[in-house]
Amino acid sequence: MLETKTAYSPKEVEEKWTKTWFSNDVYNLEVHADRPCFSIALPPPNITGNLHMGHALNGTLQDILIRWHRMQGYNVLWQPGTDHAGIATQMVVERKLKKEGLNRHKLGREKFLEHVWEWRDQYGNQIYEQYKSLGVAFTWNRAAFTMDETYVRAIKRAFVTLFNEGYIYRGNRVTNWCPRCQTSLSDLEVEHKDTKGHLYHIKYLLKDGSGELVVATTRPESMFGDVAVAVHPDDSRYKNYIGKEVLLPLTKRPIPVIADQYVDREFGTGALKITPAHDANDWEVGQRHNLEQPTVIDAHGKLMACDFVPKNLHGIERFEARKTIVSELEETGLLVEAKDYDHGVAICERCHEVLEPRLSDQWYLKMKELAEPAIKVVEEDRVVFIPDRYAATYLDWMKNIRDWCISRQLWWGHRIPIWTCADCNHQGAFEEDPAKCPQCGSVKFIQDEDVLDTWFSSALWPFATLGWPEKTGEMSVFYPTTVLSTAREIINLWVARMIFMSLKFLGTIPFKHVLIHPVVQTPDGKRMSKSKGNAIDPLDMIAKYGADANRFFFASGGVKGDQDVRFREDRVEEYRRFANKLWNAGRFTLTQLEGYKLDFAKPQNLTLADRWILDRYQHMLKAVHEGLRDYDFAEVSRQIYDFTWDYFCDWYLEIAKIQLANEETKQQTQWVLHAIFEGLMRAMHPIMPFITEELWSKIPKSAFLSDLDSIMFAPYPRPDEQYFDAEADEKMQLLMRTIRSIRNIRQTYNVPASAEAEVLISSSNDELKSFKDGQDYIKRLARVNPLTIDKEVKAPAQAASEVIGTTKIFVPLGNLIDMEKAKEKLTLRQDSLTKELAKVKVVIDNPDFKARAPKEKVETIEAQVKDLETQLQSVAAQLKVLET
């Protein structure tokens, strides 16, 4: 039996079972050859990260699937781990060093990396402790890290293979360069920030003095790298300019006017400056026209000290230089105008610095050949996206994919395993660090300074964590994994790359289903952000309401509907009340089962209510199985909530109290209570592991179940066809509707709760037996006495009535309430509502209000009008009954 606490204490129960589960090693991997397998690789959180709403939601959904499959007898593996997070971690450590008066360049590479490892050892695993508070069932003893020795070996094998097969090459191209982080970034690591800027219209004078071209740009500071002005070949305004030369403003360097289809005739003036070293599209134009590529802005975002840049601007920060350039253009009469212009500016997703497109030497991975099979497996549904609309996001990216820039100018990460000989220029990739050049024997064999893009190592996650390139037992059992659950914003960053890497190195898909979970937004529908101060900490919510209530909220959001879920604390509080309701139901049930001897044979004389609740229970189990199979977590949550609260707690437990007081029905009622409550704990366990473990541990169980270390190893309940009973459901629904109708009448006319009401029911022959069989339920649950049930009943005077199909229900009010006082109160309320409605209508009927007020305000007032009208109709109906 449970302690006598009437309120559920989540903190106490969660601490108890977290400790117990880890003490009993319930999470360790066990593989049985005769069982099916189910596996998930956790999207590895960064070691810099704390548990946020996205982690909590995704962790809950994955945990539900893991627990459900384990309870169905599967071998399960939930592979946890963390990512070294190159840029993010390096930034955190550099900030720490700055406070100490140090920087990485003073320390040098090796010393700096020692500081990073020290930081990682101190803080890198704190997110694991936070995950524990959520109750997740990771295979904890297999936690991986992308800098583990075995993982590094996998990365080197993959890289060297790709290099030797010609997929990896050195390229000089325009990349997204972060002057703060001092590294290149892929397009997928770039955010775009809406910015109020200017579109500058600048005169480029023709060299022959015959006129001018006006060029529009948002970045005048890059113009010293201009090598041409491009116009569209079909633009009639500029046909006569093609082939001529113009003078670059402020330097008077001559550059050609060229024709190219890339130019948008509608943008600006239709004449475009071409700066190949500082714009990726201009670089493409430059390649087509064999143009020079002078770099004029350095890695720190300053104008370079070179012949292309005026001396007074050497070493000036780019945005300061912009001000000077605009001023000089105005003074020389070359600035036509500076229009206000809203546009998206590329910023670093980590430090939010404005990026500088910049020509640099980087390592690239050829993508065309790798992408083709990865496109095919999705088109053939070998990899299925849920919801399926995200397959289009994936395919659109893959069909238009560019070569991947895989090098980063960082120190923390996987150093690129390429060595170059200083004597003979031989270059090669190696899995083991070479001592000398294999070509000439020189010891001046130098490793590349760059590290790999973090997403390169993450792309190997599903199979590198299972021991690849070794042929491990885990790999043979659990690969391909079953499900990947992740966020939509990394479909291209991560999901796509895992697919093509797996196909390349293992010849198979990495997972069968890609589950795209919702984004948790603020209550007003905005994206949560720590920098904006609107992020809600899930750990605070867990401390306040308990892990199970939060997990139920996350599950109730589902994945199949709207992909944006607004966090609502009132909903979490509602599920906290649900947990308390379940707790009290458990207290009642366990009290009634004291001394109960288990009997697994179905009782012979089940009552209508017994048959009905068993039928509802089977329907719930059937729907839950279907929902979990189809990843419809919202439906699963709804089914469990409705059955538990509405059917079991609000109806059956109240009826059980009647039946338990009768010796003839006591034992069978105990049997039903036990069968359903014990099974319900198992059914609810994947969503609410803590409270179900606590309650289940107190329930009388068979010897087999009693020997289990945890409910998580108990079999998941399945629907049993012998208990489906449509007839019982139909009859019980009629009784429940009748009881609700009587309760509604009592509430409408303010009948005192303690008063027993006389009720007369008139119904057809078909339903009379149901009413007579259930008359004890009606009397007890609606406080009725006397109760008359017959085929024909004369309507009493001053009686409230309701109709349910062919059934009429009458409740005489004369002996229950003071009729005159009731009429007086209703008349006063009618007057009050009429006045209030008139005031509100003045507002809503005003055309100016509807035209100017926010849409939400108008909708609120309209809803208020509707509610007042409904209340008035109800009052009028009540008065009519009292006056009849």
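The values are calculated or read from the model by the stated rules, or taken from the named source; none is laboratory data. In this text the structure is predicted, and so the values were computed from the model without any measurement. Virtual Cβ from ideal backbone geometry, glycine too; neighbours counted across all protein chains shown. Accessible surface is based on the protein model in full, side chains and every heavy atom, while ligands, DNA and RNA are left aside. Shrake-Rupley method; radii C 1.70, N 1.55, O 1.52, S 1.80 Å.
For segment 770-884, the gyration tensor built on C-alpha atoms gives a prolate shape. Its axis ratio a/c (a ≥ b ≥ c) is at least 1.5, and a/b is the larger of a/b and b/c. A straight Cα-to-Cα reach below 12 Å connects residue 772 with the aspartates and glutamates 790, residues fewer than 8 places away in its own chain not being considered.
Does segment 543-647 come out rounded, prolate or oblate, given a ≥ b ≥ c as the square roots of the eigenvalues of its C-alpha gyration tensor, rounded meaning a/c under 1.5 and, failing that, prolate meaning a/b above b/c?
oblate
Among residues other than residue 299 with Cβ under 14 Å from its Cβ, the summed charge is -2 (Lys and Arg +1, Asp and Glu -1). Label sites at residue 121 and residue 443, each approximated as a point 7 angstrom past Cα along Cα to Cβ, lie 3.1 nm apart.
With both labels modelled 7 Å from their Cα along Cα-to-Cβ, the residue 114 to residue 196 distance reads 5.1 nm. The mean accessible area for residues of segment 442-568, using a 1.4 Å probe and ignoring ligands and nucleic acids, is 36 Å² per residue.
Holding the Cα-Cα limit at 29 Å, pick out from 19/581; 581/866; 239/399; 96/504 the pairs that are longer than that.
581/866; 239/399; 96/504
The alpha-carbon of residue 880 sits under 15 angstrom from the alpha-carbons of these aspartates and glutamates, leaving out residues fewer than 8 places away in its chain: 802, 820, 824.
Treating r as the C-beta distance of residue 102 and residue 477 and R0 as 35 Å, the FRET efficiency rounds to 0.15.
Summing charges over neighbours of residue 408, with a neighbour being any other residue whose Cβ is under 12 Å away from its Cβ, gives -3 when K and R count +1 and D and E count -1. Take segment 1-77 with all the other protein chains still there, run a 1.4 Å probe, and you get 41 Å² of accessible area per residue.
Based on the Cα atoms of segment 512-594, what semi-axes does the equivalent ellipsoid have, where each is the square root of 5 times one gyration tensor eigenvalue, given in whole Å with the largest first?
After scaling each eigenvalue by five and taking roots: 30, 17, 10 Å.
Given their separation in residues at 0.36 nm each and the Cα-Cα distance between them, residue 427 and residue 864 gain 149.7 nm when the chain is fully extended.
Take each peptide in 215-222, 847-854, count the other Cβ atoms within 10 Å of every residue, and average; sorted highest first, the result is 215-222, 847-854.
When the solvent-accessible area of the chain is split by element, carbon and sulfur atoms take up 47 percent of it, the probe being 1.4 Å. A straight chain from residue 237 to residue 706 at 0.36 nm per residue would run longer than the Cα-Cα distance by 160.1 nm. Residues in segment 509-518 carry Karplus couplings, in order, of 6, x, 7, 8, 10, 10, 9, 9, 7, x Hz; the curve used is 6.51 cos²θ - 1.76 cosθ + 1.60 with θ = phi - 60°, and Gly or Pro positions show x.
Restricting the calculation to Cα atoms, segment 105-231 yields a radius of gyration followed by a Dmax of 25.0, 78 Å. Annotation: extensible slack from residue 7 through residue 831 equals 292.3 nm (criterion: 0.36 nm per residue apart, minus Cα-Cα distance).
For segment 561-597, the list of chymotrypsin sites (Phe, Trp or Tyr not before Pro) that fall in a loop by DSSP and count at most 16 other C-beta atoms within 10 angstrom reads 596. Think of it as helices only: each DSSP H run of n ≥ 4 in the chain is worth -39500 (n - 2.57), and spread over all residues that comes to -13500 deg cm²/dmol at 222 nm. For the residue pairs 207/273; 203/244; 779/825; 366/530; 106/323; 666/794, the C-alpha atoms sit more than 27 angstrom apart in 779/825; 366/530; 106/323; 666/794.
Based on C-alpha pairs under 8 angstrom that are at least 6 apart in sequence, the chain has a relative contact order of 12 percent. Distance between the modelled labels on residue 245 and residue 18, one decimal in nanometres: 7.4 nm (7 Å Cα→Cβ projection). Remark on residue 197: its backbone amide H falls under 5 Å from those of 341, 342, 343, a criterion applied only to residues 5 or more positions apart or on other chains, H modelled at 1.01 Å from N.
Directionally averaged projected area (the chain, Cα convex hull): 50.4 nm². Which percent, to the nearest 5, of DSSP beta bridges fully inside the chain are antiparallel? Antiparallel: roughly 70 percent of the beta bridges in the chain.
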